[in-house]
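The values are calculated or read from the model by the stated rules, or taken from the named source; none is laboratory data. What you see is a predicted model, and the numbers here were worked out from it, not measured in a lab. Cβ placement follows ideal geometry from the backbone for every residue including glycine, while neighbour counts extend to all protein chains displayed. Quick note on the areas: whole protein, heavy atoms, side chains included, nothing else; ligands and nucleic acids left out. Shrake-Rupley method; radii C 1.70, N 1.55, O 1.52, S 1.80 Å.
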Amino acid sequence: MSLWWSLRLCLVPRTRSRQAGRWLSSSASSKDLLMKLRRKTGYSFVNCKKALETCGEDLEQAEIWLHQQAQKEGWSKAAKLRGRKAKEGLIGLLQEGNAAVLVEVNCETDFVSRNLKFQQLVQQVALGTMLHCQSLKDQLSTYSKGFLNSSELSGLPAGPDRDGSLKDRLALAIGKLGENMVLKRAAWVKVPCGFYIGSYVHGAEHSPSFHNMVLGKYGALVICETSEQRASLEDLGRRLGQHVVGMAPLSVGSLDDEPGGEAETRLLSQPYLLDPSITLGQYVQPQGVSVVDFVRFECGEAEEAAEAQ
């Protein structure tokens, strides 16, 4: 055997070994990127792999590409699923300082309403509504209250750290979870000094990752006028909210209303939920607080009932 051929035989395995090493190193790097993208976005390995291949292993561009694709898919799914009933979902309550919001987001099944991604969508809707509420630069001498319907809610910005609107966030959620979803409605309340917002959510779920959010199936905000701020107001506000959720009044009424008859739909003349031997007005009056307004949301209630509220 010639010297040239012997040297060639010796060199080939080493060359192959170096090539294999480079391939293994590249493979490990790609796997790391794949795992990072998967953890960051929550999308499937197949989609993450395709994103990295499409974007030349650029992690940031791959994430952008994934969101764009998911949104396109979400719009497509939203169009296909639009006719399907969405009566389940969650009420979200968010309070910050002198403002509070209630939002309702619907889905098809209770199973999806317990999904973290759906709950994150409710949080985004509540934050978007709160930003809208806080952006209204009105001089408050008394309380301020407003409502947003589905189309108004959908058009709100997604937030200071997110591009697009809440409608875009909805499309992403539909793309990921595969159910019809609806941003149904929102209500916001702002109060000046001398007022207090009581609140309650029935079946409440708290999560440290959800800011000051509370999630449930029923929610209420109760606006009270008070001469002094004190610690007991929080508990009083919660009890008033419980009553509004449980007794579903249609108006506040007055302390002069007699119990019974049509007055049964008036908040102050209703038997107090926690002590039916007295009216709510009789319970509130000694507390030094006047109930002036309220908002009640029930998840999945009919449009007519929502409009009556």
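Here are a few things to note about the model shown:
- Within the range 228-267, the GluC sites (Glu not before Pro) that combine a DSSP coil assignment with at most 13 other C-beta atoms in a 10 angstrom radius are Glu228.
- A simple packing score, the average count of other Cβ atoms within 10 Å per residue, orders the peptides 102-114, 284-296 as 102-114, 284-296, with the highest score first.
- Loop-located trypsin sites (Lys or Arg not before Pro) in the range 124-207 (DSSP state other than H, G, I, E, B) with a sparse environment of at most 10 neighbouring Cβ atoms within 10 Å: Lys137.
- Each peptide in 93-101, 51-59, 194-202 was scored by the mean count of other Cβ atoms within 10 Å over its residues; highest first, the order is 194-202, 93-101, 51-59.
- Averaged over its residues, the range 88-298 has an accessible area of 44 Å² per residue, based on protein heavy atoms and a 1.4 Å probe.
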